[in-house]
Amino acid sequence: AGIGKCVALDLARRNARTILACRDRKRGQMAVEEIQEVTGNPSVLLRLLDTSSLASVRAFAQGVLQEEKRLDVLVNNAGVTGLPFTMTPEGLEKTFATNYLGPFLLTNLLLG
C-alpha cells in the first residue's frame, strides 16, 4: 500500500521486472495481481520479506541473488512508527530493526 505500491506500479508500467517484497503474503499477492492487471505486465512478483528480521533479510537477499541476473533499482520503503517498545527474536528493538538495520543489511547484501 502507499508509496511502495505506487513505485511498484510505476516500474511495472515501464515494463520492468518488479519484485514486491512484502511481509504479508495475502496483501502482497493482492497488490501483485492488481498491478499486473492495471499494467498488463506479467513480470510482477511477490517475495516475502520482514525487514525487522535479519534472518528474513538474509533469506530474501539470497533468493534475489540466486534468481535474478541483475538488480538495477532497489527501493527501501519499509517502515513503522508508533509501535510499543518490542524486541525482535534476534534481540533488536523492532522499530530500529525495521526502519534501519534491515534495509541497511539488505542493501549491503545485494550490492555484491
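Scoring Tyr100 on the criteria (1) open to solvent by 80 Å² or more (accessible area, probe 1.4 Å); (2) assigned to a loop (DSSP other than H, G, I, E, B); (3) among the hydroxyl-bearing types (Ser, Thr, Tyr) leaves a single failure, condition (2).
Restrict the check to the stretch 74-88 and report whether at least one residue is part of a loop (DSSP other than H, G, I, E, B), among the hydrophobic types (A, V, I, L, M, F, W, C), within 17 Å of Gly4 (Cα to Cα) and open to solvent by 80 Å² or more (accessible area, probe 1.4 Å). Scanning the stretch 74-88 turns up no residue that is part of a loop (DSSP other than H, G, I, E, B), among the hydrophobic types (A, V, I, L, M, F, W, C), within 17 Å of Gly4 (Cα to Cα) and open to solvent by 80 Å² or more (accessible area, probe 1.4 Å).
So is Ile19 under 14 Å from the mean Cα position of the chain (by Cα), under 17 Å from Asn77 (Cα atoms) and in contact (Cβ under 8 Å) with a residue 60 or more places away in the chain or not?
On the way: under 14 Å from the mean Cα position of the chain (by Cα): yes; under 17 Å from Asn77 (Cα atoms): yes; in contact (Cβ under 8 Å) with a residue 60 or more places away in the chain: no.
It is false that Ile19 is under 14 Å from the mean Cα position of the chain (by Cα), under 17 Å from Asn77 (Cα atoms) and in contact (Cβ under 8 Å) with a residue 60 or more places away in the chain.
Within the stretch 18-30, can one find any residue that is touching a Ser or Thr at 6+ places or on another chain (Cβ under 6 Å) and hydrophobic (A, V, I, L, M, F, W, C)? Looking through the stretch 18-30, none of the residues is touching a Ser or Thr at 6+ places or on another chain (Cβ under 6 Å) and hydrophobic (A, V, I, L, M, F, W, C).
When you look at Arg58, is it free of Cβ contacts under 8 Å to residues at least 40 places away in the same chain and either charged (D, E, K, R) or within 27 Å of Gly112 (Cβ to Cβ) (or both), yes or no?
Working: free of Cβ contacts under 8 Å to residues at least 40 places away in the same chain: no; either charged (D, E, K, R) or within 27 Å of Gly112 (Cβ to Cβ) (or both): yes.
No, not satisfied.
A search for C-beta distances below 6 Å between a residue of the stretch 76-94 that is acidic (Asp, Glu) and any residue that is surrounded by 15 or more Cβ atoms within 10 Å (Cβ to Cβ) and not in a strand (DSSP E or B), counting only pairs 6+ apart in sequence or on different chains, returns Glu90/Leu54.
Going by what's in this entry, would Asp10 be described as open to solvent by less than 100 Å² (accessible area, probe 1.4 Å), more than 20 Å from Phe104 (Cβ to Cβ) and of a type in the set (D, E, K, R)?
Working: open to solvent by less than 100 Å² (accessible area, probe 1.4 Å): yes; more than 20 Å from Phe104 (Cβ to Cβ): yes; of a type in the set (D, E, K, R): yes.
So Asp10 fits the description; yes.
For the stretch 32-54, the tally of residues that are of a type in the set (A, V, I, L, M) and either open to solvent by 60 Å² or more (accessible area, probe 1.4 Å) or part of a loop (DSSP other than H, G, I, E, B) (or both) stands at 3.
The values are calculated or read from the model by the stated rules, or taken from the named source; none is laboratory data. Values in this document were obtained by computation on a predicted structure and should not be read as measured data. With ideal geometry, Cβ positions are generated from the backbone for all residues, glycine too; neighbour counts draw on all protein chains shown. Remember, those area values only see protein heavy atoms, side chains included, never the ligands or the DNA or RNA. Shrake-Rupley method; radii C 1.70, N 1.55, O 1.52, S 1.80 Å.
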